[in-house]
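Asks: Quick one: this structure, given as structure tokens, is what I'll be asking you about.
The values are calculated or read from the model by the stated rules, or taken from the named source; none is laboratory data. Keep in mind that this is a model prediction, so the values were computed, not measured. All Cβ positions, even for glycine, are placed from backbone atoms using ideal geometry, and neighbour counts span all protein chains on display. Surface areas here come from the heavy atoms of the whole protein model, side chains and all, with no ligands, DNA or RNA. Shrake-Rupley method; radii C 1.70, N 1.55, O 1.52, S 1.80 Å.
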Amino acid sequence: MLLALASVTVATAQDDAAEEVKPTGKVELVQDGFAFTEGPAWEPKSKSLLFTDIPNTAIHRLAPDGSITLFTGDSKHTNGILIPADGRILACQMDGQVVRYDDDANATVLASQYNGKRFNAPNDLTVDDDGGIYFTDPLFRAPTPLPQTVQAVYYIAADDTVSRVTEGLAAPNGIGMSPDRKRLYVCPSGQAEMLVYDVTGPGKLSAPKTFCTLQQPEGKSGTGADGIALDVNGNVYITTHIGVQIYSPAGKQIGVVAFPEQPANVCFGGDDWKTMFVTARTGLYRVTMPIPGMH
């Protein structure tokens, strides 16, 4: 059952002041020929990018010299990856668990079940300032019937306890937090309305509000999103059918960046954090943006 939204689209006077965000460089293909790319995550210590190729159960590393090497060929269908400030490599394995990889790609399981049942297929994740991890658990690559019966967001607390923090959602996918950690964004794939929650404590959320309604491809309606990233100003970058749609913190669309293939996920990296990396079906792309990504 889907939870009814508690409010209309978030909107304030900031809408009128929001300026358009456009690339400062051209969209470049880094490498193609993959099966389905996902999970880009910038690793500052090595100045490299990790990204996944889900069907091939692979995680690759893009080095500063442009070479791409295999980080692991046994990713258990890893999707989203996140590398917080402490350097941990956190990941959602769609085979049912959230893990931490060490530098040799050995995985330590952080959570694999809730109420005694495996997760459906963990998809993407974000962290708070209290040592906790929020992650989405939709239906993609999940067993049927769904082990958890609902698609939702979960929270792994610093003491390793796991709680379900949302009601049933329409394929919750991308997830991210605002720079002040007071808002949690959840981007469902099964609807055009993107959601935002007020964070009232570790793993404690308000009822959802509609943050924005995505621009739809011509002739279609109700299409949703996949991945999400934020910049230091709190603007939200959402991968959609028409490209990376950019929204101000007030929910106003302030840009769209198109790619040759439909984007799946997005992150920022580079020395100045202004390089936007996008995984899009068979390819990995990058483009320089004017505002640094949140890191």
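Asks: Near Lys22, which lysines are there with a Cα under 29 Å away, not counting those fewer than 8 places off in the same chain?
Replies: Cross-link targets: Lys45, Lys47, Lys182, Lys209, Lys220, Lys252, Lys274.
Asks: Taking a ≥ b ≥ c as the square roots of the eigenvalues of the Cα gyration tensor of the chain, is the shape rounded (a/c under 1.5), prolate (a/b larger than b/c) or oblate?
Replies: rounded
Asks: Also, I was wondering about something else. Going by the alpha-carbon gyration tensor, a ≥ b ≥ c the square roots of its eigenvalues, is segment 172-295 rounded (a/c under 1.5) or, if a/c is not under 1.5, prolate (a/b greater than b/c) versus oblate?
Replies: Oblate, because a/c is 1.5 or more while a/b does not exceed b/c.
Asks: Heavy atoms only, probe 1.4 Å: what % of the accessible area of the chain goes to carbon and sulfur, would you let me know?
Replies: That fraction is 48 percent.
Asks: Follow-up question, since we're still on this one. With every protein chain present, what is the per residue accessible area of segment 55-150 (1.4 Å probe, Å²)?
Replies: Value returned for segment 55-150: 43 Å² of accessible area per residue.
Asks: Rounded to whole Å, give me the distance from the Cα center of segment 237-265 to that of segment 168-219.
Replies: If we compute the Cα centre of each part, the gap is 15 Å.
Asks: Keeping every protein chain present and rolling a 1.4 Å probe, give me the accessible area per residue for segment 228-295 in Å².
Replies: 29
Asks: Using packing as a proxy for protection, rank 91-102, 284-295 so that the peptide with the highest average count of other Cβ atoms within 10 Å comes first.
Replies: 91-102, 284-295
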